[in-house]
Amino acid sequence: MGQAQTGAGRGRAADRRWLWLSLGPVAAFFVLLSGFPVLNLLGLSLFDVKWSEGAAQFHYLGLDNYRRLFTQETVYWAGVRNTVIFAVTVVVCQMVLGFAMALAVNRAGAAGRTVLTGIFLLPIVIPPIVIGTMWRLILGREFGLANAVLSALGLPAVDWLGNPDVALAAVMFVDVWHWTPFVFLLMLAGLESLDGEVLEAARMDVRGFWQEVRHIILPLMMPTIAITALFRIILSFKVFDEVYLLTSGGPGTSTEVINFSIYRTFFRQDQVGYGSAMSVVTLFAVALLVILARGLLARRRRDAA
């Protein structure tokens, strides 16, 4: 018995060694690939970088860029506020719509499922530059399709992209239209992976479709819903395309978001060190958000178990 246990222990040790030998180089490569840009940003954030005759000149500032960011900056923090509002709003809308679309497709017949899936996935395959151009034409004040519809209904035209009160909502609408198919695809995959026998057995205890959704499907889908929501929140904090193509952060700072502030600081104002400080603060804030979210998910799984 002791010899068998010793042999099993040696086998596990050999498996661990093989695991490290096979996966170690790949893991080290990705750590280096991810860690070097972060370390580079940290280093640049401590300097004022100027360009002279094609060469970078570094002037050490210490933590001055961070002091400036937290004491003097206004546009970046307006972007933080808008980004939080943007992320929460679009993710809630996308999760509700994506889940509803997945339920509809999952209950459709084979032919209807194929047609609906193809239609629902169209927005996500359109290139961002095409989306920006298309929606600028739709939301244009003078000749846009949206205002043409309002005019046909006898309603006044709206400056969708030039009015500070509605510009952010217009950008959020475009993002919801663009990314809801992604949520729909993950929700549909989650629904199709549910155990059919478990569903049939559980249906004996409920009445009606909505009770089935509330008491059976939603609890079983919670891991998929949580992971999808976390993934979409991370991507929503990285929003840039829609803002750049539709409003360029305007009017004023009404559609300013974090990534556009960083882009402007780096490439328009040529403040590499200050832009690096913005990037570092943003990186650590999003990383903290992900860690907290993963902790909450792990706690919910433990409580459920």
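Can you name the residue in the range 284-305 that is part of a helix (DSSP H, G or I), modelled with pLDDT under 85 and among the small types (Gly, Ala, Ser) and, of all such residues, is farthest from the chain's Cα centre (by Cα)?
Ala304
Based on what the data block shows, is Met221 more than 27 Å from Gly132 (Cβ to Cβ), touching a Gly at 6+ places or on another chain (Cβ under 7 Å) and in the same structural domain as Val125 (by TED's automatic domain parsing)?
yes
Select, from Val84, Val96, the only residue that is free of Cβ contacts under 8 Å to residues at least 40 places away in the same chain, surrounded by fewer than 20 Cβ atoms within 10 Å (Cβ to Cβ) and under 18 Å from Gly190 (Cα atoms).
Only one candidate passes the filter, namely Val96.
Among residues belonging to the range 109-144 that are assigned to a loop (DSSP other than H, G, I, E, B) and farther than 30 Å from Ala157 by Cβ, point out the one that is farthest from the chain's Cα centre (by Cα).
Filtering first and then ranking leaves Gly109.
Take Arg17 and decide whether it is surrounded by fewer than 17 Cβ atoms within 10 Å (Cβ to Cβ), part of a helix (DSSP H, G or I) and modelled with pLDDT of 95 or more. Even if it seems obvious, please write down each step before you answer.
Numbers: surrounded by fewer than 17 Cβ atoms within 10 Å (Cβ to Cβ): yes; part of a helix (DSSP H, G or I): yes; modelled with pLDDT of 95 or more: no.
For Arg17, the condition - surrounded by fewer than 17 Cβ atoms within 10 Å (Cβ to Cβ), part of a helix (DSSP H, G or I) and modelled with pLDDT of 95 or more - is not met.
Would you list the helices (runs of 4 or more DSSP H) that sit entirely within the range 151-258 and hold 1 or more residues that are touching a residue at least 12 places away in the same chain (Cβ under 8 Å) and surrounded by fewer than 15 Cβ atoms within 10 Å (Cβ to Cβ)?
Because the criterion is at least 1 residues that are touching a residue at least 12 places away in the same chain (Cβ under 8 Å) and surrounded by fewer than 15 Cβ atoms within 10 Å (Cβ to Cβ), the helices (runs of 4 or more DSSP H) in the range 151-258 that meet it are 167-192, 196-202, 218-236.
The values are calculated or read from the model by the stated rules, or taken from the named source; none is laboratory data. Predicted model, so just to flag it, every value in this text is computed and none were measured. In this analysis, Cβ positions are derived from the backbone assuming ideal geometry, glycine residues included, and neighbour counts consider all displayed protein chains.
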